[in-house]
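K.L.:
Just passing along the structure, written as structure tokens.
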Amino acid sequence: MPSFEMISRNLLFHFKYYMLCLLSFHTIEYCCSTSNDTDPWNYLDSYCGNITYNPNSPSGSIYRANLNFLLYNLSSHASRTDNNGFYNFSTGDDPSNKVYGLFLCRGDVNTDVCKECVADAHTRLLQECPNQTAAIVWYDECLVRFSDQTIFSKADLGENVTRRNPFDVPGPDWDKFKMVLINLLHNAADEAANHTMGKKFAVQEGNYSTDQKRLYTLTQCTPDLSPYDCKSCLREAIMDVPACCSKKQGGRVLYPSCNLRYEVSSFYDNVSSASPNSPGGPPPNSTEGKGRSPLRIAVPLIGVAVVLFIMALVFLKRRLRKSYVAMALETSGVDGVADILTAESLQYSLTEIQIATNNFSVDNKIGEGGFGRVYKGVLGNGQEVAVKRLSRSSVQGAEEFKNEIVVVAKLQHRNLVRLLGFCLEGEEKILIYEFVPNKSLDYFLFDPENKRSLNWSRRYNIIGGIAKGLLYLHEDSRLRIVHRDLKVSNILLDGNMSPKIADFGMAKICGVDQYEGNTNRIAGTIGYMAPEYTRWGQFSVKSDVFSFGVVILEIVTGKKSSDFHQSRDSEDLLSYLIEVLRMYTS
């Protein structure tokens, strides 16, 4: 495996080459760029929902008042420079009259254009959809929508609008045009989706013919989407392009949560122009502008160079970070590493996690275990998460980190805690899970007051949920997985008191037809481990079934297995119950 020195040397070479290409590209481009002749507030289309309300009824009048307040609030926030052209808001105390809304301005327009576009959309929405509970209006410069259902942080692929340029691409150019177009759109989609902070917006451009004809593309998502949802939305839009715009010189696909556009002439602000390393090579040389003064030439060129230098540093940092992640994970020798490295949406920066947890504040701490501490956090999109910060000094913690990513990232079941992402920067190893509000089962089961909330019906449902989760791990998932550390403290309860199996740090992946294995490292909790595992290191799906049996006994009796050796002759709950059974059957 290459060393860090080799990786750094390789990246430095690419960095120098990258900078030379970028500077050469922009030195040529600055004198022949075209102006943006788009008229402000260019209305495209609108959609009115199927459900209506009566504004004269008591509930309808409240909804209308809330809607008016929401649209006014959106318009007032469009003039702010600190929202990156996006803002969402909801108002209403009762679910029957609550209204949600947002606006999204195109990533390259200035604040004044954004403000005027949103204001115009405010008026048009009430004209086009006067009594609908949901509506969307699309402009060239902005999108505004509202709904009586939550629309935040989710990709909406329902209604869409397509537009196409009336002119065809010349026949000889079409094959190359199509190939370059799809490549540019996918590159722009990836770039937009990977913007974890600020705008999810990207432009790409490149040549599609031998005579240097240029193609321009733009992609954008609402910034509250996750990278995965943004990329999924844009890929759906890209798949719509052939149906709407085949052989056309331009086209656009508009969804509520994302949009794309392409043209053979520039249609976006050139200050935020395409990524310089887009395919297709540099634009054609131009003699226009030779009479410009040296100052007018130098100032934009210096500005471009500074911006490109910053972009290159970000690029280099991301490459180094990915290389470090790759090295750290590949040293584990665990299958599935390639799947992790391709799932970029799982990776979070340390800065994002620090913001989410208020820099790992003590007030946010919700638990502590053998491998580190757990904090409650709120991501930028408003989603609540549980953040497990693994101990820096624990070798076992590092192994758990790798194991959890490889195992849990592949699992999707309502009775398993879902892994949302991870962070690996410097010495920090962090796992991000869905937030489960009701703590672990032992918090209720062994507390004199809390156990009152566990009636027999609820205990029965908890046992059934754990069984379903285990069945998925052993039989129904793509991988056969032995948990190896099933216990009541690793069973979390959600808002409905439904169980979710957690903590896969000790889990083992078996082959599809493999039901057992051996290990030299015995890991688990005394009282829950099967005899063949503690004595000879043999584990199988039966090991989990044994642990599950102990969990059932604890749920039914309300007694903790590990406490028995302190107060009774029996060493654990299972031995005690066997003795009781013998006593009553002899």
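The values are calculated or read from the model by the stated rules, or taken from the named source; none is laboratory data. Just so it is clear, the model here is predicted, and its values are computed rather than measured. We place every Cβ from the backbone using ideal geometry, glycine too, and count neighbours over all the protein chains shown.
K.L.:
I'm checking my understanding of the structure. Among residues of the range 89-140 that are without any contact (Cβ under 8 Å) to a residue 40 or more places away in the chain and among the small types (Gly, Ala, Ser), which one is nearest to residue 162 (Cα to Cα)?
P.N.:
Here the answer is 121.
K.L.:
Go through the range 68-125 and give me each residue that's over 18 Å from residue 200 (Cβ atoms) and either in the same structural domain as residue 202 (by TED's automatic domain parsing) or acidic (Asp, Glu) (or both).
P.N.:
Result: 93, 94, 112, 116, 120.
K.L.:
Would you check if there is a residue in the range 94-101 being crowded, with 17+ Cβ neighbours inside 10 Å, within 27 Å of residue 251 (Cβ to Cβ), out of contact with any Ser or Thr (no Cβ under 6 Å at 6 or more places or on another chain) and at pLDDT 90 or above?
P.N.:
No, the range 94-101 has no match at all.
K.L.:
Something else: Counting just the residues of the range 226-259 that are of a type in the set (Val, Ile, Thr) and touching a residue at least 60 places away in the same chain (Cβ under 8 Å), which one comes out surrounded by the fewest Cβ atoms within 10 Å (Cβ to Cβ)?
P.N.:
By that ranking, first place goes to 241.
K.L.:
Restricting the search to the range 151-166, which residues are in contact with a Gly (Cβ under 8 Å, 6 or more places away or on another chain) and within 17 Å of residue 251 (Cα to Cα)?
P.N.:
Of everything in the range 151-166, those that are in contact with a Gly (Cβ under 8 Å, 6 or more places away or on another chain) and within 17 Å of residue 251 (Cα to Cα) turn out to be 162, 163, 164, 165.
Residues are listed down the side, and each one gets a yes or a no for (1) part of a helix (DSSP H, G or I); (2) over 30 Å from residue 380 (Cβ atoms):
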residue	(1), (2)
402	yes, no
433	no, no
443	yes, no
460	yes, yes
473	yes, yes
492	no, no
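K.L.:
Which one of these is more than 22 Å from residue 257 (Cα to Cα), touching a Lys or Arg at 6+ places or on another chain (Cβ under 7 Å) and surrounded by fewer than 17 Cβ atoms within 10 Å (Cβ to Cβ): 55, 130?
P.N.:
Numbers: 130 fails: touching a Lys or Arg at 6+ places or on another chain (Cβ under 7 Å).
Going through 55, 130 in turn, the sole match is 55.
K.L.:
Going by the structure shown, is residue 74 at pLDDT 50 or above, surrounded by 17 or more Cβ atoms within 10 Å (Cβ to Cβ) and in a helix (DSSP H, G or I)?
P.N.:
Yes, satisfied.
K.L.:
Please list, ordered by first then second residue, the pairs with beta carbon atoms under 6 Å, 6 or more apart or interchain, first in the range 452-469 and basic (Lys, Arg), second surrounded by 12 or more Cβ atoms within 10 Å (Cβ to Cβ).
P.N.:
Final answer for the pair search is 458/497; 459/555; 468/415.
K.L.:
Separate question: Looking only at the range 214-225, how many residues end up being surrounded by fewer than 24 Cβ atoms within 10 Å (Cβ to Cβ) and under 19 Å from residue 143 (Cα atoms)? Full working, then the answer.
P.N.:
Within the range 214-225, the subset surrounded by fewer than 24 Cβ atoms within 10 Å (Cβ to Cβ) is 214, 216, 224.
Then drop every residue that is not under 19 Å from residue 143 (Cα atoms), which leaves 224.
Residues in the range 214-225 being surrounded by fewer than 24 Cβ atoms within 10 Å (Cβ to Cβ) and under 19 Å from residue 143 (Cα atoms): 1 in total.
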